[in-house]
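Every read-out reported here was derived from the displayed coordinates using simple, explicitly stated rules and does not represent laboratory data. Worth saying up front: this structure is predicted, and the values here are computed from it rather than measured. Quick reminder, even Gly has a Cβ in these numbers, built from the backbone with ideal geometry, and neighbours come from all protein chains shown.
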């Protein structure tokens, strides 16, 4: 049997233990930004990072909506909207919140095998005004067969207005779907000043359609890259090696209307061309650098790269590295200027965030974002070929290609 002193000691120990548990629990909740008291949740903010008046305004606005709106308000939807609003407030089209359906489109429909995927063969990008714009449809693709042309603006997918979605990857995923199913794209063709609904049947798209090569007169190798998708570097190196064996004495790489693609693929491709050094590096807001190096193996022949205002992201990484290494000549018009790195975070409920986390820099330290890359030789195509697929322009009329051939022959 315990004496009075032992009982008092035990009681004191119990109080101390309970106090520690409570304090620990509260600290965990506060650290996580969420506290629970009397049947309600409370979000917490660091007072150094936000004004008290802003938090009061948020609570007042929420209260007004819950009390005054003419229908019942689902508070969960209000919170979802607040999360979406946080991303929108950054004015960054590449930082977005995905609801469950959008996240499913983004991830669930990315079922590319090594060499094919199901879609319509339609590369797109957001123009300077944030409107979804068609680039060159793939050869022999459902989109091309349906009559969709470069420069068309996509306004709806299966009747759903997409003009408010500022994420081209998500939009591309929405166009994809099961094989032999139809999607209806509502497009605006500016030359006709009218919209039209175009039905397109989804089919398997071979990865090889994103690359095309041939030997031009004078033993000049020409390789057209439409997008840096999976295995494009392997296909590029394979076709390049074939052309070299055939006696190529120079190389023209065409990334006009190439909106970019996979970071690892462009790094692998560039490594085949460049000498030892830095291909590209990224830097986050804390100054942390991530460098992608090339080895000593390089292509020993003259190189020209064709660019235009639709050459973006991975295309700019390749063009910027070749320019900085003085490994080749850039010909055409200034590139788009997309030099941001994104990563995606998934939440337990199936929603997600895609967040811009860093900037790209060329080997010399030039930030691509919002600037683009000026070619060494600036030359425009004839006006009559505006918004025309590059592949359909007769070679003799393609002034950029002809200049590249001239440059290679002078080396």
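Annotations
- Exposure proxy shown here: for 401, 262, the number of other Cβ atoms within 10 Å sets the order, fewest to most, as 262, 401.
- Residue of 90, 65, 43 that the Gaussian network model of the chain assigns the largest fluctuation, springs spanning Cα pairs under 10 Å: 43
- At R0 = 25 Å, FRET efficiency that the Cβ-Cβ distance of residue 219 and residue 334 yields, to 0.05: 0.25
- Extension gain, residue 57 to residue 197: 0.36 nm times the residue separation minus the Cα-Cα distance gives 46.0 nm.
- Counting every alpha-carbon pair across the range 43-190, the share separated by more than 22 Å comes to 53%.
- Helix 75-88 and the longest principal axis of the Cα set of the chain meet at an angle near 40°.
- Length, then width, then depth: along the principal axes, the Cα atoms of the chain run 104, 54, 39 Å.
- Counting DSSP beta bridges with both ends in the range 208-410, the antiparallel % (nearest 5): 60 percent
- In whole angstrom, the range 284-411 maps to an equivalent ellipsoid with semi-axes of 32, 20, 12, each derived as √(5λ) from the alpha carbon gyration tensor and ordered largest first.
- Modelled label positions at residue 184 and residue 343, each set 7 Å beyond Cα in the direction of Cβ, lie 4.2 nm from each other.
- If you run the Gaussian network model on the chain, springs between alpha carbon atoms under 10 Å, then out of 271, 397, 217 the most flexible one is 217.
- Note on the chain: helix-only mean residue ellipticity at 222 nm, from DSSP H runs of 4+ residues weighted -39500 (n - 2.57) and normalised by residue number, equals -9500 deg cm²/dmol.
- Separation of the range 190-256 from the range 300-344 is 16 Å, based on Cα centroids.
- When peptides 320-332, 356-368, 165-177 are ranked by their average number of other Cβ atoms within 10 Å per residue, the highest-first order is 320-332, 165-177, 356-368.
- Whether the range 242-326 is rounded, prolate or oblate, judged on the alpha carbon gyration tensor where a/c under 1.5 counts as rounded: oblate
- Rg to Rh quotient for the range 110-179, alpha carbon positions, Kirkwood Rh: 0.95
- Per residue, the convex hull spanned by the Cα atoms of the range 45-89 amounts to 82 cubic angstrom.
- Degrees, to the nearest 10: 263-273 long Cα axis against longest axis of the chain: 40 degrees
- Taking other C-beta atoms within 10 Å as the exposure proxy, 396, 116, 214, 136 rank 396, 214, 116, 136 from fewest upward.
- Residue exposure sequence - 383, 229, 389 - by fewest surrounding Cβ within 10 Å: 383, 389, 229
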